[in-house]
Amino acid sequence: MREAFVRALTELAADDERVLLVNGDLGFGVLTDFIQRFPNQYVNAGIAEQNMTAIACGSAMTGARAYTYSIGNFPTLRCLEQLRNDVCYHHSDVTVVAVGGGFSYGQLGVSHFATEDLAIMRALPGMTVVAPSDPWQAYELTRQLYARGGPAYLRIDKGAAGARKGEVQLGKVREVRSGFDAVLFTTGGILSEGLAAAEALAGEGIGVRIVDVHTIKPLDVEGVLEAAGQCGRVFTLEEHVVSGGLGGAVAEACAEAALSLRSFRRMGLGDAFPDAVGDQAYLRRRHNLDAASVASTIRGAIVH
Amino acid sequence: MIDTGELALRLRRHVVSMCSRGGSSHVGSGLSIADIIAVLYGGVLRVDPARPDWNGRDRFVLSKGHAGACVYAALAERGFFDSSVLETHYSNGSNLSGHVSHKGVPGVEVSTGSLGHGLGIGTGMAFNLKRMGGKQRVFVVLGDGECDEGSVWEAALFAGHQNLENLCVIIDYNKLQSIGRVSDTLNLEPFAAKWRAFGWRVSRVDGHDHDDLRSAFSELSANCPTCVIADTVKGRGVSFMENEVLWHYRVPKGDEYIAAMLELGVDVALPANA
């Protein structure tokens, strides 16, 4: 997914000299070509995320189309006030790119788990929040975010959900699998677990619709309500706390529309830090976010 | 030619009356930077009040946003908007917040209020303007207490490394911060040496001497960012406010307001038709 973003940004930079990548001293090997090709459109701000964000913001205020780039929580939480007061309040054209969403860096410890970022970025006025599920989608949405302009947050994870390629439209949900017994909304690469769960449940005669919510904000309320209303049983799945992110956004939409649902369940992390490290697949299993656990949760709600 | 001495006096009157009318703090901070702001807006900054968004303009960032009343006053005096707007400062429904804000206020480039933000943004402006081949310059006013913020030094390191000769920071060094003396809180000395060590050319001037200030601003370094440490007196111009921590927060009301304005050459105690 990271390479797909860099490929899209490279194309944009070639066509538009205003494009400026302000790096937080990360991306070893991945950015080499970009740095060599566009020395006047790249700067390494060093290990100083507050200043990285401020440089991007000041650059945007003077005509740049700025991108900040780092991993995990560094380009979001470390410089949250710069994002709020400087980027968002001035509606500056800054796109924040974080590599390593969710448990992508599962062995590196809690500092490197980006598991509250969606909720926090979503709370910022004017911020667009996007979490692609596949590399091809990361590429397309990078281009669409460029067309829309910042402030924006692009959460890149290590996932490759393997969903069929097709049209993706910023701000619109994407149905990836049809079904009418239940709907599962997912965001980011964890879509792969949802697809596998739906496949397993299909063998038991349960049709689960899968809807990819790559754009958490602005939320496609109409698309969410249509799927929720047609299926009646609603589930959300995210590699993130259940509060304030995808689950929170879908719950708000359903509640405000006073939808009568047969069941509603958010799958994600609760109000506690993970107590162990491990690779992404391991941590998904440990927190009941893997395909088998997701299938079990949905089955339990339908069969009880 | 604008008489910057006269402009500074007018800014001080505005600051005191705005803080009094609106009931806002930070009158001492506004008085502290009045001469710096008068010299900048009185001729140094290349700006056009009729075209506040003119791309060729110099950029000014007030990082110590709590002294915003003085900048609002300077913009009004220069004709960016009508002086009557100043009367809404700090009041319900106003655009003129206690900390400087750009929303609906022509001429304000950047909203600040949380300390430690302005230099990074100004540095980003200078970096991008230089990258695009522009001749615009960026001036940023920092408070001394603000230099406690780590983000100031992140920006200082970046600007020095990038040799941003189009960037000038002016430090309002009045040696008082929110609740005490700078030297008793986190001592900044040797202050000039710190900026030099970060790759800046540093000059130290009397922050109330207009010739000193003008000359410091007119000779920016040709190959690195410039830091002007301006020795100032908080509350300058009103004797009983000068160098008093109390006047960081206290609102001039009643007899104190009358006495302050009298020192600035205005007798507000007189009936309007006298």
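Enumerate the pairs (first residue in the range B:175-192 and assigned to a loop (DSSP other than H, G, I, E, B); second residue anywhere and at pLDDT below 95 and hydroxyl-bearing (Ser, Thr, Tyr)) with beta-carbon separation below 6 Å, excluding pairs fewer than 6 apart on the same chain, so at least 6 apart or on different chains. Final answer for the pair search is none. Would you mind stating whether residue B:170 is touching a residue at least 24 places away in the same chain (Cβ under 8 Å) and closer than 14 Å to residue B:32 by Cα? Spelling it out, residue B:170 is indeed touching a residue at least 24 places away in the same chain (Cβ under 8 Å) and closer than 14 Å to residue B:32 by Cα.
Are there helices (runs of 4 or more DSSP H) fully within the range A:15-133 with at least 2 residues that are surrounded by fewer than 21 Cβ atoms within 10 Å (Cβ to Cβ)? List them.
Numbers: elements: A:32-37, A:49-61, A:117-122.
Filter on the range A:15-133 gives A:32-37, A:117-122.
Applying the set (1) surrounded by 19 or more Cβ atoms within 10 Å (Cβ to Cβ); (2) at the interface with chain A (Cβ under 10 Å from one of its Cβ atoms); (3) touching a helix residue (DSSP H, G or I) at 6+ places or on another chain (Cβ under 7 Å) to residue B:114 leaves exactly one unmet item: (1). Criterion applied to A:105, A:89 was being farther than 16 Å from residue B:127 by Cα, within 13 Å of chain B (Cβ to nearest Cβ) and among the hydroxyl-bearing types (Ser, Thr, Tyr), and the one residue passing it is A:89.
Of everything in the range B:134-150, what is over 18 Å from residue B:66 (Cα atoms), within 10 Å of chain A (Cβ to nearest Cβ) and either in contact with a His (Cβ under 9 Å, 6 or more places away or on another chain) or surrounded by fewer than 24 Cβ atoms within 10 Å (Cβ to Cβ) (or both)? Give them in sequence order.
B:134, B:136, B:150
Taking residues in the range A:187-201 that are on the phi > 0 side of the Ramachandran plot, and partners anywhere that are hydroxyl-bearing (Ser, Thr, Tyr), the pairs with Cβ atoms closer than 7 Å and at least 6 places apart or on different chains are A:188/A:133.
Just to be sure, is residue B:59 of a type in the set (Lys, Arg), over 20 Å from residue B:236 (Cβ atoms) and surrounded by fewer than 18 Cβ atoms within 10 Å (Cβ to Cβ)?
Spelling it out, it is not the case that residue B:59 is of a type in the set (Lys, Arg), over 20 Å from residue B:236 (Cβ atoms) and surrounded by fewer than 18 Cβ atoms within 10 Å (Cβ to Cβ).
The values are calculated or read from the model by the stated rules, or taken from the named source; none is laboratory data. The shown structure was predicted, so the numbers you read here are calculated from the model rather than taken from an experiment. Methodologically, a virtual Cβ is constructed for each residue, glycine included, from the backbone with ideal geometry; neighbour enumeration extends over all protein chains shown.
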